[in-house]
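The values are calculated or read from the model by the stated rules, or taken from the named source; none is laboratory data. Just so we're clear, the structure is a prediction, and the values are computed from it rather than from any experiment. Here the Cβ positions follow ideal geometry from the backbone for every residue, glycine too, while neighbour counts run over all protein chains shown.
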Amino acid sequence: EAGVVQSPRYKIIEKKQPVAFWCNPISGHNTLYWYLQNLGQGPELLIRYENEEAVDDSQLPKDRFSAERLKGVDSTLKIQPAELGDSAVYLCASSLGGGRANVLTFGAGSRLTVL
Amino acid sequence: QKEVEQDPGPLSVPEGAIVSLNCTYSNSAFQYFMWYRQYSRKGPELLMYTYSSGNKEDGRFTAQVDKSSKYISLFIRDSQPSDSATYLCAMNSGNTPLVFGKGTRLSVIA
């Protein structure tokens, strides 16, 4: 079974440019997460989806970040415009609901460098 | 004070050593405790999952939770070079976002 798939794996852009990341979760996983991981830090939640609904987006900087999960499967995370401080790894994760809600499977991440 | 504190290391041990990794936390509502392993340029992968206090063993790995002290540990016996990675503790109180530690970087030297 394929795991959580993310693309692109690496992206280098100039500041003020837009960037988008894509995530395909594990089949059947209703819950999808986007995390931000800075160098030497643990992941921090940006947004959590239950099917198509964003149920926790309190940590998403909504002035420049947006996310969507159409049809409750794939998801995209967009940054526009990117700033130098956005350089980080963006991790997507998914989980089953119910008693397995805490068991997250992560993708390999999308590493963003903003110049 | 951060909700979860974890010494970032780095920690370097010889092959075969017993490794002890630890986290402390401040939120007494935390009930679910996890350890993730993250290899370089990979996403975290779940290693151990425990609920409330007590011990859990899986092969060479043992997770311990002491809720009275707000302290969790991960022990690795007979450590191998393939155990070289960053170990992240994570915890929550149920249907709340996981709070991760900073991670401890471990190197096992052959």
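So how many residues does segment A:61-115 have that are surrounded by 14 or more Cβ atoms within 10 Å (Cβ to Cβ) and of a type in the set (D, E, K, R)? Residues flagged as surrounded by 14 or more Cβ atoms within 10 Å (Cβ to Cβ) and of a type in the set (D, E, K, R) within segment A:61-115 amount to 6. Determine if segment A:31-38 includes at least one residue that is more than 27 Å from residue B:3 (Cα to Cα) and of a type outside the set (Lys, Arg). For segment A:31-38, residues more than 27 Å from residue B:3 (Cα to Cα) and of a type outside the set (Lys, Arg): absent. Looking only at residues that are surrounded by fewer than 16 Cβ atoms within 10 Å (Cβ to Cβ) and among the charged types (D, E, K, R) in segment B:57-98, which one is farthest from the other protein chains (Cβ to nearest Cβ)? Checking each candidate, the answer is B:78.
Each residue in segment B:34-48 was checked for being in a strand (DSSP E or B) and either within 12 Å of residue A:105 (Cβ to Cβ) or not hydrophobic (A, V, I, L, M, F, W, C) (or both), and 5 of them qualify. Across segment B:1-54, the qualifying residues are those that are within 11 Å of another protein chain (Cβ to nearest Cβ) and aromatic (Phe, Trp, Tyr), and the one among them that is nearest to the chain's Cα centre (by Cα) is B:36. Among residues of segment A:42-63 that are at the interface with chain B (Cβ under 9 Å from one of its Cβ atoms), those with a Cβ under 8 angstrom from a residue that is acidic (Asp, Glu), sequence gap 6+ or separate chain, pair up as A:45/A:56; A:48/A:56; A:48/A:57; A:59/A:44. Does any residue of segment A:90-102 turn out to be within 11 Å of the chain's Cα centre (by Cα) and basic (Lys, Arg)? So far as segment A:90-102 goes, no, none of its residues is within 11 Å of the chain's Cα centre (by Cα) and basic (Lys, Arg). Any chance segment A:84-95 includes a residue that's farther than 20 Å from residue A:6 by Cα, more than 10 Å from chain B (Cβ to nearest Cβ) and touching a residue at least 40 places away in the same chain (Cβ under 8 Å)? Yes; the residues of segment A:84-95 include at least one that is farther than 20 Å from residue A:6 by Cα, more than 10 Å from chain B (Cβ to nearest Cβ) and touching a residue at least 40 places away in the same chain (Cβ under 8 Å).
Let's see how each residue does on (1) at pLDDT 95 or above; (2) part of a strand (DSSP E or B); (3) out of contact with any Pro (no Cβ under 6 Å at 6 or more places or on another chain):
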residue: A:33; (1), (2), (3): yes, yes, yes
residue: A:36; (1), (2), (3): yes, yes, yes
residue: A:39; (1), (2), (3): no, no, yes
residue: A:46; (1), (2), (3): yes, yes, yes
residue: A:55; (1), (2), (3): no, yes, yes
residue: A:77; (1), (2), (3): yes, yes, yes
residue: A:81; (1), (2), (3): yes, no, yes
